[in-house]
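Here the structure comes first, spelled out in structure tokens, and everything after it is commentary.
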Amino acid sequence: MKKWLIILTLCLLFMNAVTVQAANLYSVKHKDQVNSDYEIHVDYPLFNGLRNKNLQEDVNEKVKGKIDEVVRELKRMEKQSTGFPVLYYEEFTVAENKGLCSIVMTSNISQGNKHDSTVRSINFENDENGIFLELKDVVDIHKLNIEVKKIISSEPKAFNVQAFTGIREDTAFYIKDGELFLIFNKYEVAAGVYGTPELSIPYKKVKKDIPQHKKSIPVPKEV
């Protein structure tokens with residue numbers, strides 16, 4: 001009995017350490033603005049615990065830049081208003097995998113009976129020499145297209161097979177526990193009722209050798 005209590009205590013301590021580590025990487029900020037023409041409700045991360053402070057500044061600028069881009073679009077829509085206010089709600093998640101950090105940002109915009117959601121990710125290495133990563137840096141796009149098409153074709157009732165013409169290079173992604181996760185925009189590969197579909201593919205199936213100039217990229221090891 002004592003042995004199991006010790007094991008349980010160690011597990012709880014480990015889980016708490018992971019939570020504290022994640023919390024120490026960033027703080028959650030809020031931006032709210034409401035008037036008669038639009039509403040803005042944004043949650044976003046402000047990183048303050050990355051090892052590379054120059055990269056940290058760039059990451060925070062990228063986050064801010066993506067939000068500003070959506071706000072500009074929202075105000076453009078507001079000028080073409082049909083009498084309905086524009087509603088903008090931003091949410092995010094942060095995924096970590098052996099030094100690889102991914103910020104997945106989802107922008108939800110609605111006006112009247114029109115609703116749209118777009119997903120973007122910012123991916124980078126949390127290291128002293130950390131760099132930004134693009135999808136093409138960590139996967140073979142050709143192999144990835146084959147695997148995604150297999151999944152979509154196997155579920156024709158959920159996905160629009162004809163709509164899929166290939167992975168966008170800026171498709172949102174993150175890697176976790178040996179799986180590559182892709183998040184698509186609303187309506188991109190499925191009907192709106194499915195929201196922003198997320199697909200998972202074993203990373204080893206699409207993993208590619210890293211180019212010489214990207215050797216510092218932390219490609220997760222397969223277990």
*Run Thr82 past the list (1) over 22 Å from the mean Cα position of the chain (by Cα); (2) surrounded by 12 or more Cβ atoms within 10 Å (Cβ to Cβ); (3) among the β-branched types (Val, Ile, Thr) and report the number of the one that doesn't hold.*
(2)
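Results for (1) in contact (Cβ under 8 Å) with a residue 12 or more places away in the chain; (2) surrounded by 20 or more Cβ atoms within 10 Å (Cβ to Cβ); (3) over 20 Å from Gln33 (Cα atoms); (4) of a type in the set (A, V, I, L, M, F, W, C), shown as yes or no for each residue.
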| site | (1), (2), (3), (4) |
| --- | --- |
| Thr93 | no, no, yes, no |
| Glu96 | yes, no, yes, no |
| Gln111 | yes, yes, no, no |
| Val119 | yes, yes, yes, yes |
| Asn126 | yes, yes, yes, no |
| Asn129 | yes, no, yes, no |
*Where a residue in region 171-192 is of a type in the set (Asp, Glu) and its partner, wherever it lies, is surrounded by fewer than 22 Cβ atoms within 10 Å (Cβ to Cβ) and part of a strand (DSSP E or B), with Cβ under 8 Å and at least six apart*: Asp177/Asn97; Glu179/Ser200; Glu179/Ile201; Glu179/Pro202
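Residue-by-condition table, conditions (1) in a loop (DSSP other than H, G, I, E, B); (2) more than 23 Å from Glu73 (Cβ to Cβ); (3) modelled with pLDDT of 95 or more:
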position: Ser110; (1), (2), (3): no, no, no
position: His115; (1), (2), (3): no, no, no
position: Ser121; (1), (2), (3): no, no, yes
position: Phe124; (1), (2), (3): no, yes, yes
position: Asn129; (1), (2), (3): yes, yes, no
position: Lys143; (1), (2), (3): no, yes, yes
position: Lys157; (1), (2), (3): yes, yes, no
*asked:* With the requirement that a residue be of a type in the set (S, T, N, Q) and within 14 Å of Pro197 (Cβ to Cβ), what does region 154-169 give you?
replied: Ser154, Asn160
*For Asn185, all conditions in the list (1) part of a helix (DSSP H, G or I); (2) closer than 21 Å to Ser110 by Cα hold save one; what is the number of the exception?*
(1)
*asked:* Pull out all pairs, ordered by first then second residue, where Cβ-Cβ is under 6 Å, the residues are six or more apart or on different chains, the first lies in region 63-82 and is without any contact (Cβ under 8 Å) to a residue 60 or more places away in the chain, and the second is among the polar types (S, T, N, Q) and surrounded by 13 or more Cβ atoms within 10 Å (Cβ to Cβ).
replied: Val70/Ser107
*Out of all the residues in region 75-108, which are assigned to a strand (DSSP E or B) and charged (D, E, K, R)?*
Glu90, Glu91, Glu96
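Take the residues in region 42-51 that are in contact (Cβ under 8 Å) with a residue 60 or more places away in the chain and open to solvent by 30 Å² or more (accessible area, probe 1.4 Å); name whichever of them is farthest from the chain's Cα centre (by Cα).
Arg51
The values are calculated or read from the model by the stated rules, or taken from the named source; none is laboratory data. Predicted, not measured: the structure shown is a model, and the values here were computed from it. For neighbour counting, all protein chains shown are included, and Cβ atoms are generated from backbone atoms with ideal geometry for every residue, glycine included. Surface areas here come from the heavy atoms of the whole protein model, side chains and all, with no ligands, DNA or RNA. Shrake-Rupley method; radii C 1.70, N 1.55, O 1.52, S 1.80 Å.
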